[in-house]
1. With equal scatterers on the alpha carbons only and no solvent term, can you work out the Debye log10 of I(q)/I(0) for the range 111-152 at 0.19, 0.34 1/Å?
2. If I stretch the segment between V43 and A146 completely, what's the gain in nm (0.36 nm per residue apart, minus their alpha carbon distance), one decimal?
3. By how many degrees, 0 to 90 and rounded to 10, does the Cα axis of helix 249-264 deviate from the longest principal axis of the chain?
4. So which of K87/K160; K14/K49; K87/K312; K115/K303; K87/K125 end up more than 23 Å apart by C-alpha?
5. If we count every other residue with Cβ under 14 angstrom of A244's Cβ, Lys/Arg +1 and Asp/Glu -1, where does the sum land?
6. Taking N as the number of residues in the range 40-145, what is its alpha-carbon radius of gyration divided by 2.2 N^0.38 Å?
7. Checking the a/c ratio against 1.5 first, then a/b against b/c, what shape does the Cα gyration tensor give for the range 165-210?
8. If you roll a 1.4 Å probe over the chain with all protein chains in place, what percent of the accessible area is carbon or sulfur?
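The values are calculated or read from the model by the stated rules, or taken from the named source; none is laboratory data. Treat the numbers as computed from the prediction; the structure is a model and nothing was measured. We place every Cβ from the backbone using ideal geometry, glycine too, and count neighbours over all the protein chains shown. For accessibility, only protein heavy atoms count, side chains too; no ligands or nucleic acids. Shrake-Rupley method; radii C 1.70, N 1.55, O 1.52, S 1.80 Å.
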Amino acid sequence: MNILFLADPLDSFKIYKDSTFTMMREAAARGHQVWACEQDQLVWQHGGKVQALSRQIELTGHPDRWFNVVSQGVVILADMDAVIMRKDPPFDAEYLYTTHLLTQAEREGARVFNKPQALREHPEKLAILEFPQFTAPTLVTRSIDAIRAFHVAHQDIILKPLDGMGGAGIFRVPADGLNLGSIAETLTRDGTQTIMVQGFLPAIALGDKRVLLIDGEPVPFALARIPQGGEVRGNLAAGGKGVAQPLSESDWHIARTLGPILAARGLLLVGLDIIGDKLTEINVTSPTCFQEITQQAGFDVAKRFVDALESKLSV
(Lines give C-alpha, C1' and ligand atoms only; values in the text may rest on other atoms or scores of the structure.)
Protein backbone atom coordinates (compact mmCIF):
# COMPACT_ATOMS: atom_id res chain seq x y z
CA MET A 1 0.00 0.00 0.00
CA ASN A 2 0.95 3.63 -0.49
CA ILE A 3 0.56 5.61 2.73
CA LEU A 4 0.91 9.40 2.70
CA PHE A 5 1.76 11.13 5.98
CA LEU A 6 0.78 14.79 6.15
CA ALA A 7 3.09 16.01 8.89
CA ASP A 8 5.60 18.58 10.00
CA PRO A 9 8.91 18.78 8.10
CA LEU A 10 10.74 15.46 8.25
CA ASP A 11 14.00 17.20 9.17
CA SER A 12 12.33 18.42 12.38
CA PHE A 13 11.50 14.90 13.63
CA LYS A 14 13.14 13.78 16.88
CA ILE A 15 13.04 10.14 15.91
CA TYR A 16 14.02 8.86 19.36
CA LYS A 17 10.58 9.89 20.60
CA ASP A 18 8.46 10.73 17.56
CA SER A 19 5.27 8.68 17.20
CA THR A 20 4.79 9.48 13.50
CA PHE A 21 8.26 8.06 12.88
CA THR A 22 7.29 4.79 14.56
CA MET A 23 4.16 4.59 12.41
CA MET A 24 6.31 5.04 9.32
CA ARG A 25 8.83 2.46 10.51
CA GLU A 26 6.14 -0.14 11.20
CA ALA A 27 4.43 0.52 7.88
CA ALA A 28 7.72 0.24 5.98
CA ALA A 29 8.60 -2.99 7.81
CA ARG A 30 5.40 -4.49 6.42
CA GLY A 31 6.31 -3.54 2.87
CA HIS A 32 4.12 -0.47 2.54
CA GLN A 33 5.38 2.54 0.58
CA VAL A 34 5.83 5.59 2.81
CA TRP A 35 5.18 9.07 1.44
CA ALA A 36 5.32 12.45 3.21
CA CYS A 37 4.09 15.96 2.54
CA GLU A 38 3.43 19.18 4.45
CA GLN A 39 0.42 21.48 4.75
CA ASP A 40 1.71 24.09 2.32
CA GLN A 41 2.12 21.45 -0.39
CA LEU A 42 -1.61 20.72 -0.66
CA VAL A 43 -3.32 22.14 -3.75
CA TRP A 44 -6.78 21.98 -5.29
CA GLN A 45 -7.65 23.53 -8.64
CA HIS A 46 -10.93 23.64 -10.53
CA GLY A 47 -11.23 20.61 -12.77
CA GLY A 48 -8.75 18.60 -10.76
CA LYS A 49 -8.40 16.74 -7.47
CA VAL A 50 -6.63 17.56 -4.22
CA GLN A 51 -2.95 16.87 -4.71
CA ALA A 52 0.33 17.44 -2.93
CA LEU A 53 3.98 17.69 -3.80
CA SER A 54 5.20 14.64 -1.89
CA ARG A 55 8.31 12.58 -1.28
CA GLN A 56 8.46 8.83 -1.22
CA ILE A 57 10.99 7.90 1.44
CA GLU A 58 12.84 4.87 2.70
CA LEU A 59 14.01 4.58 6.29
CA THR A 60 17.73 4.07 6.69
CA GLY A 61 17.85 2.79 10.28
CA HIS A 62 20.45 5.43 11.13
CA PRO A 63 19.71 8.10 13.75
CA ASP A 64 21.40 11.01 11.98
CA ARG A 65 20.07 10.79 8.44
CA TRP A 66 17.05 8.62 9.11
CA PHE A 67 15.47 8.72 5.66
CA ASN A 68 16.40 8.81 2.00
CA VAL A 69 14.19 10.27 -0.71
CA VAL A 70 13.30 7.59 -3.25
CA SER A 71 11.24 9.83 -5.51
CA GLN A 72 9.46 13.16 -5.45
CA GLY A 73 6.47 14.47 -7.34
CA VAL A 74 2.86 15.54 -7.27
CA VAL A 75 0.46 12.85 -6.07
CA ILE A 76 -3.33 12.87 -6.00
CA LEU A 77 -4.48 12.10 -2.48
CA ALA A 78 -7.30 9.87 -3.72
CA ASP A 79 -4.67 7.69 -5.44
CA MET A 80 -3.02 6.91 -2.11
CA ASP A 81 -4.29 3.92 -0.13
CA ALA A 82 -4.32 6.04 3.04
CA VAL A 83 -3.61 9.60 4.12
CA ILE A 84 -2.50 9.96 7.75
CA MET A 85 -3.04 13.46 9.14
CA ARG A 86 -0.24 14.04 11.67
CA LYS A 87 0.26 17.82 11.63
CA ASP A 88 0.99 19.08 15.12
CA PRO A 89 -1.08 21.91 16.63
CA PRO A 90 -1.75 24.80 16.79
CA PHE A 91 -5.28 24.28 15.53
CA ASP A 92 -5.26 27.60 13.71
CA ALA A 93 -6.95 28.87 10.56
CA GLU A 94 -4.42 27.11 8.32
CA TYR A 95 -5.03 23.81 10.11
CA LEU A 96 -8.78 24.31 9.61
CA TYR A 97 -8.32 25.04 5.90
CA THR A 98 -6.23 21.89 5.59
CA THR A 99 -9.04 19.79 7.04
CA HIS A 100 -11.42 21.25 4.46
CA LEU A 101 -9.02 20.28 1.65
CA LEU A 102 -8.82 16.79 3.16
CA THR A 103 -12.62 16.58 3.23
CA GLN A 104 -12.62 17.44 -0.46
CA ALA A 105 -10.03 14.70 -1.00
CA GLU A 106 -12.41 12.31 0.76
CA ARG A 107 -15.18 13.28 -1.67
CA GLU A 108 -12.78 12.33 -4.43
CA GLY A 109 -12.15 8.92 -2.86
CA ALA A 110 -9.27 9.44 -0.41
CA ARG A 111 -9.17 7.52 2.90
CA VAL A 112 -8.05 10.00 5.56
CA PHE A 113 -7.19 9.19 9.20
CA ASN A 114 -8.18 10.84 11.48
CA LYS A 115 -11.27 11.88 9.56
CA PRO A 116 -10.99 15.64 8.86
CA GLN A 117 -14.60 16.37 9.84
CA ALA A 118 -13.93 14.72 13.19
CA LEU A 119 -10.75 16.80 13.62
CA ARG A 120 -12.80 19.96 13.10
CA GLU A 121 -15.49 18.86 15.54
CA HIS A 122 -13.14 17.82 18.36
CA PRO A 123 -10.90 20.76 19.30
CA GLU A 124 -8.65 19.20 21.87
CA LYS A 125 -9.46 21.37 24.88
CA LEU A 126 -13.17 21.83 24.14
CA ALA A 127 -13.98 18.23 23.22
CA ILE A 128 -14.22 17.34 26.92
CA LEU A 129 -17.35 19.50 27.28
CA GLU A 130 -19.37 16.60 25.87
CA PHE A 131 -18.36 14.40 28.81
CA PRO A 132 -18.83 16.52 31.97
CA GLN A 133 -19.32 13.41 34.11
CA PHE A 134 -15.56 12.78 33.81
CA THR A 135 -14.15 16.31 34.08
CA ALA A 136 -13.00 18.65 36.81
CA PRO A 137 -14.89 21.96 37.33
CA THR A 138 -14.34 23.80 34.06
CA LEU A 139 -15.05 27.26 32.69
CA VAL A 140 -14.75 28.35 29.05
CA THR A 141 -14.91 32.12 28.68
CA ARG A 142 -13.26 35.32 27.57
CA SER A 143 -14.77 37.24 30.50
CA ILE A 144 -12.23 38.33 33.10
CA ASP A 145 -15.03 38.83 35.61
CA ALA A 146 -16.18 35.23 35.08
CA ILE A 147 -12.61 34.03 35.64
CA ARG A 148 -12.39 36.00 38.90
CA ALA A 149 -15.69 34.52 40.07
CA PHE A 150 -14.51 31.01 39.19
CA HIS A 151 -11.39 31.60 41.25
CA VAL A 152 -13.45 32.73 44.22
CA ALA A 153 -15.53 29.55 43.94
CA HIS A 154 -12.67 27.08 43.44
CA GLN A 155 -9.67 28.92 44.97
CA ASP A 156 -6.92 26.95 43.20
CA ILE A 157 -7.23 27.07 39.40
CA ILE A 158 -5.46 26.38 36.12
CA LEU A 159 -5.76 28.74 33.14
CA LYS A 160 -4.79 27.69 29.61
CA PRO A 161 -5.21 28.81 26.00
CA LEU A 162 -7.43 26.72 23.74
CA ASP A 163 -4.86 26.42 20.94
CA GLY A 164 -1.71 25.47 22.85
CA MET A 165 0.26 22.26 23.02
CA GLY A 166 3.10 20.87 25.10
CA GLY A 167 2.04 22.82 28.17
CA ALA A 168 2.60 26.21 26.55
CA GLY A 169 0.71 29.08 28.17
CA ILE A 170 -0.57 27.12 31.19
CA PHE A 171 -0.73 28.99 34.51
CA ARG A 172 -1.73 27.99 38.03
CA VAL A 173 -3.26 30.57 40.37
CA PRO A 174 -3.63 29.32 43.97
CA ALA A 175 -5.91 30.69 46.67
CA ASP A 176 -3.94 33.91 47.15
CA GLY A 177 -4.99 35.00 43.66
CA LEU A 178 -1.56 36.52 43.01
CA ASN A 179 -1.32 37.87 39.43
CA LEU A 180 -4.74 36.48 38.47
CA GLY A 181 -5.73 39.73 36.79
CA SER A 182 -2.53 39.98 34.79
CA ILE A 183 -2.65 36.32 33.72
CA ALA A 184 -6.32 36.53 32.74
CA GLU A 185 -5.77 39.73 30.78
CA THR A 186 -2.77 38.24 28.97
CA LEU A 187 -4.38 34.91 28.05
CA THR A 188 -7.70 36.47 26.99
CA ARG A 189 -5.97 39.40 25.30
CA ASP A 190 -7.97 41.79 27.43
CA GLY A 191 -11.19 39.86 27.08
CA THR A 192 -11.07 39.26 23.32
CA GLN A 193 -9.92 35.62 23.25
CA THR A 194 -11.64 32.61 24.81
CA ILE A 195 -9.66 30.41 27.21
CA MET A 196 -10.27 27.45 29.51
CA VAL A 197 -10.10 27.55 33.30
CA GLN A 198 -10.22 24.41 35.46
CA GLY A 199 -10.04 23.56 39.11
CA PHE A 200 -6.53 22.50 40.07
CA LEU A 201 -6.16 18.74 40.48
CA PRO A 202 -3.61 17.77 43.18
CA ALA A 203 -3.32 14.35 41.53
CA ILE A 204 -1.08 16.03 38.93
CA ALA A 205 1.76 15.18 41.34
CA LEU A 206 1.28 11.55 40.26
CA GLY A 207 1.27 12.46 36.60
CA ASP A 208 -0.85 13.68 33.70
CA LYS A 209 -1.70 10.33 32.10
CA ARG A 210 -1.84 9.89 28.34
CA VAL A 211 -4.24 7.06 27.50
CA LEU A 212 -4.27 6.02 23.84
CA LEU A 213 -7.34 4.77 21.99
CA ILE A 214 -6.79 2.95 18.70
CA ASP A 215 -9.99 2.38 16.74
CA GLY A 216 -11.85 2.75 20.03
CA GLU A 217 -9.77 0.18 21.93
CA PRO A 218 -7.61 1.38 24.84
CA VAL A 219 -3.90 0.64 24.85
CA PRO A 220 -3.50 -1.13 28.24
CA PHE A 221 -0.65 1.13 29.37
CA ALA A 222 -0.69 4.89 29.91
CA LEU A 223 2.25 7.26 30.02
CA ALA A 224 2.10 9.26 33.26
CA ARG A 225 3.89 12.54 32.63
CA ILE A 226 5.07 13.61 36.05
CA PRO A 227 5.97 17.27 36.76
CA GLN A 228 9.56 17.90 37.80
CA GLY A 229 11.37 20.59 39.74
CA GLY A 230 8.38 22.46 41.13
CA GLU A 231 6.58 22.60 37.79
CA VAL A 232 2.81 22.27 37.68
CA ARG A 233 2.91 20.96 34.10
CA GLY A 234 3.59 17.31 33.38
CA ASN A 235 4.01 17.69 29.62
CA LEU A 236 7.17 16.08 28.30
CA ALA A 237 7.88 19.26 26.34
CA ALA A 238 7.81 21.14 29.65
CA GLY A 239 10.31 18.80 31.30
CA GLY A 240 7.92 16.19 32.69
CA LYS A 241 9.14 12.66 33.33
CA GLY A 242 7.29 9.97 31.39
CA VAL A 243 6.51 6.76 33.30
CA ALA A 244 4.54 3.97 31.63
CA GLN A 245 2.02 2.26 33.88
CA PRO A 246 -1.03 -0.01 33.55
CA LEU A 247 -4.36 1.74 33.20
CA SER A 248 -6.19 2.28 36.46
CA GLU A 249 -9.79 1.22 36.97
CA SER A 250 -10.99 4.78 36.33
CA ASP A 251 -8.76 5.05 33.25
CA TRP A 252 -10.38 1.92 31.82
CA HIS A 253 -13.86 3.25 32.59
CA ILE A 254 -13.26 6.57 30.85
CA ALA A 255 -11.49 4.94 27.89
CA ARG A 256 -14.12 2.26 27.38
CA THR A 257 -16.91 4.83 27.56
CA LEU A 258 -15.38 7.26 25.08
CA GLY A 259 -13.63 4.76 22.80
CA PRO A 260 -16.62 3.46 20.80
CA ILE A 261 -18.16 6.95 20.54
CA LEU A 262 -15.01 8.56 19.15
CA ALA A 263 -14.15 5.65 16.84
CA ALA A 264 -17.62 5.78 15.29
CA ARG A 265 -16.91 9.41 14.35
CA GLY A 266 -13.84 8.49 12.34
CA LEU A 267 -11.17 9.02 14.99
CA LEU A 268 -8.77 6.11 14.52
CA LEU A 269 -6.26 7.45 17.05
CA VAL A 270 -7.11 9.46 20.16
CA GLY A 271 -5.05 10.49 23.17
CA LEU A 272 -7.00 11.03 26.38
CA ASP A 273 -5.35 13.14 29.06
CA ILE A 274 -6.39 12.08 32.56
CA ILE A 275 -5.28 13.49 35.91
CA GLY A 276 -6.33 11.21 38.78
CA ASP A 277 -9.80 10.17 37.69
CA LYS A 278 -10.59 13.35 35.72
CA LEU A 279 -10.52 13.79 31.96
CA THR A 280 -8.72 17.03 31.01
CA GLU A 281 -8.23 16.84 27.22
CA ILE A 282 -9.12 14.72 24.19
CA ASN A 283 -6.21 14.86 21.75
CA VAL A 284 -7.03 14.02 18.13
CA THR A 285 -4.56 15.96 15.97
CA SER A 286 -1.31 14.05 16.50
CA PRO A 287 -1.40 12.00 19.72
CA THR A 288 2.02 10.87 20.89
CA CYS A 289 3.77 8.68 23.51
CA PHE A 290 4.04 5.57 21.28
CA GLN A 291 7.75 5.11 21.86
CA GLU A 292 7.77 5.74 25.60
CA ILE A 293 4.99 3.21 26.22
CA THR A 294 6.58 0.63 23.92
CA GLN A 295 10.05 0.98 25.41
CA GLN A 296 8.96 0.91 29.05
CA ALA A 297 5.98 -1.44 29.00
CA GLY A 298 6.87 -3.68 26.06
CA PHE A 299 3.52 -3.06 24.35
CA ASP A 300 4.07 -2.32 20.64
CA VAL A 301 1.78 0.67 20.07
CA ALA A 302 2.83 1.25 16.45
CA LYS A 303 2.04 -2.37 15.62
CA ARG A 304 -1.45 -1.98 17.12
CA PHE A 305 -1.93 1.22 15.12
CA VAL A 306 -0.88 -0.22 11.76
CA ASP A 307 -2.94 -3.36 12.46
CA ALA A 308 -5.99 -1.10 12.92
CA LEU A 309 -5.14 0.95 9.83
CA GLU A 310 -4.82 -2.16 7.66
CA SER A 311 -8.09 -3.46 9.05
CA LYS A 312 -9.86 -0.21 8.12
CA LEU A 313 -8.40 -0.27 4.62
CA SER A 314 -9.49 -3.87 4.00
CA VAL A 315 -13.19 -2.95 4.05
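1. -0.72, -1.09
2. Stretched fully, the V43-A146 segment lengthens by 32.8 nm.
3. 50
4. Checking Cα-Cα distances, K14/K49 exceed 23 Å.
5. Net charge in that neighbourhood comes out at +1.
6. In units of the globular-protein estimate, the range 40-145 measures up at 1.41.
7. oblate
8. Taking all protein chains in place, the chain shows 51 percent carbon and sulfur surface.
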